[in-house]
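Asks: The structure that follows is given in the form of structure tokens.
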Amino acid sequence: MEQYESIPKMASDSSTDENVGLVSSSIRRPRSRISRVLLSVLVLAMLACVVVIPLRRQSDSLSHYVVSPSPVGALIKSRLTVLDEDSKSEGTISSSSSPASWLTSAVEDWMVDLPSSKSIAHVSIPGTHDSGARFGGVGCETQSWTIEKQLKAGIRFFDIRCRIAGTVFSIHHGPCFQEMFFGDVLIDVQDFLYAHPNEFVIMNIQEEHKPMSGSSSFSSIWSTYRSRFNSLFVDSRSSLPTVGQVRGKVLLISTLSLGKGIKWDSALTETQNIYKVYALLNDNPFGSSTASIGQKKKLVRSYIEKAASSSKLVLNFLSGAEGMILKDVARSTNQNAYEHIGAYNGAKRVGVIIMDFPGEKLVYRVIKTNFEATEYCEPRTWRTQSGKTWAEFRMPRAVVGTSISIKGGAYYKYSFPKCHRATWTDLRFVCSSSSRTWEVASGSWDADAWCHNSNTNQDYLAVGVL
């Protein structure tokens with residue numbers, strides 16, 4: 001029979017703590033040899049957890065890398081050069097009520113890498129025509145995404161049509177009310193820019209449809225909005241601003257006298273906006289203000305080319321109606337622009353591309369033209385292992401020419417009856433410009449049975465136990 005020894009009642013226990021004392025005095029601890037062995041094993045297991053678990057957590061914590069300076073340029077934070085839009089299933093015209101997640105995750109902050117000194121005329125910008133028009137049928141609808149979703153998808157030019165409605169502006173496309181007001185648009189944009197202060201928005205405001213009877217004047221209503229959102233708007237200018245001068249703000253562009261932003265005129269802008277489009281063969285079937293679908297596509301292409309050298313803000317409307325269904329025009333002109341801009345081959349200027357039903361591929365292709373081509377090495381890992389002990393040298397994604405060094409060291413774990421140790425000399429890894437892959441420039445690694453650690457806490461190095 002096992003023997004037990006009573007644990008005495010604590011001296012501080014009073015007579016009134018009778019029940020507590022009874023519980024305490026009834027606790028026994030084992031005295032048998034088997035029980036002591038089991039207790040020792042339990043203690044050793046607990047100590048192993050204390051030692052092993054932090055080591056494995058150290059490995060888990062090495063998911064964030066800091067790339068050493070590269071002689072050929074810095075990483076593009078928005079990862080624009082990583083994605084191949086041609087491989088995506090989405091098209092050049094939107095097919096759902098929300099943009100694809102691959103697009104929003106890549107471009108929500110795409111302006112952060114633009115030089116602040118760059119003129120906005122030199123920025124390629126995706127935009128939307130009749131940006132709020134999502135209701136009213138095929139004759140009124142021009143967009144699938146809300147203003148908020150357009151912002152997340154990288155759209156930075158908005159065409160806002162305001163109808164005078166009492167003391168406010170309601171958003172319309174022709175007679176079709178779009179179930180929102182101008183204040184809703186401004187709040188969406190304001191919230192987005194607050195969360196993404198490196199971005200900016202260009203917004204065209206124009207009066208749409210006939211005023212509701214008994215309404216205030218346009219200028220009176222505008223003054224109310226202007227007062228409330230004054231800090232959101234760029235002040236009135238007679239010249240085009242730089243990116244740095246408009247970050248976090250809305251640059252208004254209008255033929256109206258708004259007292260903010262810039263005037264939409266020939267001094268600052270070049271605009272292609274032939275919107276009367278017909279499925280006919282004649283280039284201008286009903287005069288110079290009309291175009292066949294073929295001629296419309298030629299105009300779109302010519303203004304993409306014009307943007308490459310213009311000092312003005314080139315506004316290129318891909319939209320069209322009257323002689324064709326809105327979405328049919330967009331399907332043709334969006335694909336046309338996508339093909340003419342072409343596969344990515346470095347930075348070039350394509351102007352402000354203003355679309356109906358913008359598709360993810362076209363939006364992304366426009367944005368990507370803002371950045372220089374850069375060649376990269378994708379992540380690569382090497383491992384040395386001794387028994388269940390391992391060390392990994394984890395190279396991150398980086399531009400060619402990047403060099404990363406790891407000091408010589410060792411990591412061991414004792415496993416009866418010996419230590420298993422992974423070792424390495426001073427290492428240097430290079431992102432090769434010829435192969436565009438990580439290569440070992442110098443150093444080596446091995447394994448032995450010594451019980452000694454050194455230099456295990458370094459960037460790009462992970463150690464652990466299987």
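Asks: Just the residues that are part of a strand (DSSP E or B), in contact with a Ser or Thr (Cβ under 9 Å, 6 or more places away or on another chain) and of a type in the set (A, V, I, L, M), please, taken from segment 450-466.
Replies: Scanning segment 450-466 gives A462, V463, V465.
Asks: Also: Looking at G401, G409, which is the one that is in contact with a strand residue (DSSP E or B) (Cβ under 8 Å, 6 or more places away or on another chain), over 23 Å from S432 (Cβ atoms) and not polar (S, T, N, Q)?
Replies: Of G401, G409, the one residue that is in contact with a strand residue (DSSP E or B) (Cβ under 8 Å, 6 or more places away or on another chain), over 23 Å from S432 (Cβ atoms) and not polar (S, T, N, Q) is G409.
Asks: Name the one entry in V363, V350, V329 that is farther than 24 Å from S101 by Cα, part of a helix (DSSP H, G or I) and either hydrophobic (A, V, I, L, M, F, W, C) or touching a His at 6+ places or on another chain (Cβ under 7 Å) (or both).
Replies: After ruling out the rest, the residue left standing is V329.
Asks: Has segment 390-400 got at least one residue that is among the acidic types (D, E), assigned to a strand (DSSP E or B) and either in the same structural domain as W445 (by TED's automatic domain parsing) or crowded, with 23+ Cβ neighbours inside 10 Å (or both)? First the steps, then the outcome.
Replies: Initially, segment 390-400 is screened for residues among the acidic types (D, E), giving 392.
Keeping just the survivors that are assigned to a strand (DSSP E or B) gives 392.
Those still in the list that are either in the same structural domain as W445 (by TED's automatic domain parsing) or crowded, with 23+ Cβ neighbours inside 10 Å (or both) too: 392.
Within segment 390-400 (the criterion being among the acidic types (D, E), assigned to a strand (DSSP E or B) and either in the same structural domain as W445 (by TED's automatic domain parsing) or crowded, with 23+ Cβ neighbours inside 10 Å (or both)), the answer is yes, since at least one residue qualifies.
Asks: Which of the residues that make up segment 409-449 are in a loop (DSSP other than H, G, I, E, B) and at pLDDT 90 or above?
Replies: T425, D426, G443, S444
Asks: Does A195 meet the test of being modelled with pLDDT under 95 and either more than 25 Å from the chain's Cα centre (by Cα) or not β-branched (V, I, T) (or both)?
Replies: The answer is no for A195.
Asks: I'd like the full set of residues that are part of a helix (DSSP H, G or I), out of contact with any helix residue (DSSP H, G or I) (no Cβ under 6 Å at 6 or more places or on another chain) and under 23 Å from T271 (Cβ atoms), limited to segment 366-383.
Replies: V366
Asks: Give me a count of the residues in segment 94-144 that are in a loop (DSSP other than H, G, I, E, B) and either on the phi < 0 side of the Ramachandran plot or free of Cβ contacts under 8 Å to residues at least 40 places away in the same chain (or both).
Replies: Matching residues across segment 94-144 total 30.
Asks: Shifting gears a bit: Looking for something assigned to a strand (DSSP E or B) and either among the small types (G, A, S) or more than 28 Å from T242 (Cα to Cα) (or both) - is there at least one such residue anywhere in segment 307-321?
Replies: yes
Asks: Now, a different point. Looking at (1) at positive phi; (2) under 33 Å from the mean Cα position of the chain (by Cα); (3) not hydrophobic (A, V, I, L, M, F, W, C), which one does G259 not meet, given that it meets all the others?
Replies: Only one criterion in (1) at positive phi; (2) under 33 Å from the mean Cα position of the chain (by Cα); (3) not hydrophobic (A, V, I, L, M, F, W, C) is unmet by G259, namely (2).
The values are calculated or read from the model by the stated rules, or taken from the named source; none is laboratory data. Note that this is a predicted model, so its numbers are computed, not measured. All Cβ positions, even for glycine, are placed from backbone atoms using ideal geometry, and neighbour counts span all protein chains on display.
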